[in-house]
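Q: Structure provided below as C-alpha cells; questions to follow.
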Amino acid sequence: MRKMKMVLLKKLICFCLSLSLLVLPSLSFSKEAGSELRGKVFRSDGKTAIMGATVRAYHIESGKLYNSAPTDESGSYALTHLPYGYYDVAVETPEGLFVSTQVINVAPDSKLSLSFAISSFEEQPQEWWAGKEKPQIPALKKESSGIAKVLERKGGKAFWKSGKGIATILVGSAAVIGAIIASGGEEGSPH
C-alpha cells in the first residue's frame, strides 16, 4: 500500500512540475507586466461625455504618475502597461482637477473598466465637503476643484485566476508534494 502511495505521489509531482514548465516560460514576473485601466469620463449628470480630459493614475507604492491621452468625443480614455497595485486616480480638464474618492486596486495582468462623473465641490451637498480637506494627489501638486465619482467598475482579474497565479499554485503544490516524498511520505512515522 505504501509503495502505491509513493508511486501516486511521484506521478502527481511529475504532472504538476510538467504543467508548471509549460506555463512558466510564457509568463513575465515583472511588475510592468501590463494591466489596463479603461473607461469614460462624464459630466456630473453621468451622461454627457467630456472630450479632452486626461486621466491620471498615481501608483501609491512607487510614486509614479501615469497619464492617459486626452479623452475622445465619447469620453473614452485608456491607461496601459500599469504595474499592479493601488492607485489614486484623478481626471484633469480645463476646468480643473477632479480627484476620485476611491483608491483603485489594479490586479496583475488585469483589464479594469472604470468610468467617472466629475463634479465641482459647489455641486456637492454643503454638508458633504464642508470643513474637509480637499482630496489631492501628491505628484500633481494641485488643489482639486471637485471629485471624480466612480460610476461604473467592471472587470479586473484576481491574481489567483491569472496565468501567473495558476503557475504559482502549481509550483507550490509541486514543492509541497516533493517535500512529502523527501520525508518518506508519512508524518510522524518512525524510520
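The values are calculated or read from the model by the stated rules, or taken from the named source; none is laboratory data. Worth saying up front: this structure is predicted, and the values here are computed from it rather than measured. Here the Cβ is made from the backbone with ideal geometry for all residues, glycine too, and neighbour counts use every protein chain on show. For accessibility, only protein heavy atoms count, side chains too; no ligands or nucleic acids. Shrake-Rupley method; radii C 1.70, N 1.55, O 1.52, S 1.80 Å.
Q: Once the other residues with Cβ under 13 Å from the Cβ of Lys10 are scored (Lys, Arg +1; Asp, Glu -1), what is the net sum?
A: Summing Lys and Arg as +1 and Asp and Glu as -1 gives +4.
Q: Less than 15 Å Cβ to Cβ from Asp72, Lys/Arg counted +1 and Asp/Glu -1: what total charge do the surrounding residues give?
A: Cβ neighbours under 15 Å give a net charge of +1.
Q: Show the residues, 5+ positions off or on another chain, whose built amide H is closer than 5 Å to the amide H of Leu151.
A: Ser115, Phe116, Ala117
Q: In nanometres, what is the gap between the two model label sites at Ile169 and Arg2, each 7 Å from Cα along Cα-to-Cβ?
A: 3.3 nm
Q: Students often get this wrong: which residues of the range 79-110 have the backbone nitrogen under 18 Å from the point 7 angstrom along Cα-to-C-beta of Lys64?
A: 79-90, 104-110
Q: Students often get this wrong: which residues of the range 34-59 have the backbone nitrogen under 20 Å from the point 7 angstrom along Cα-to-C-beta of Asn105?
A: Once the point is set 7 Å along Cα→Cβ of Asn105, 34-38, 57-59 turn out to lie under 20 Å by backbone N, inside the range 34-59.
Q: Compute the accessible area per residue over the range 42-121, keeping the other protein chains in place, probe 1.4 Å, unit Å².
A: Ligands and nucleic acids excluded, the figure is 42 Å² per residue.
Q: Then there's this: Between Tyr86 and Ala49, take the C-beta separation as r, use R0 = 25 Å, and let me know the FRET efficiency to the nearest 0.05.
A: Working from the Cβ atoms, E equals 0.35.
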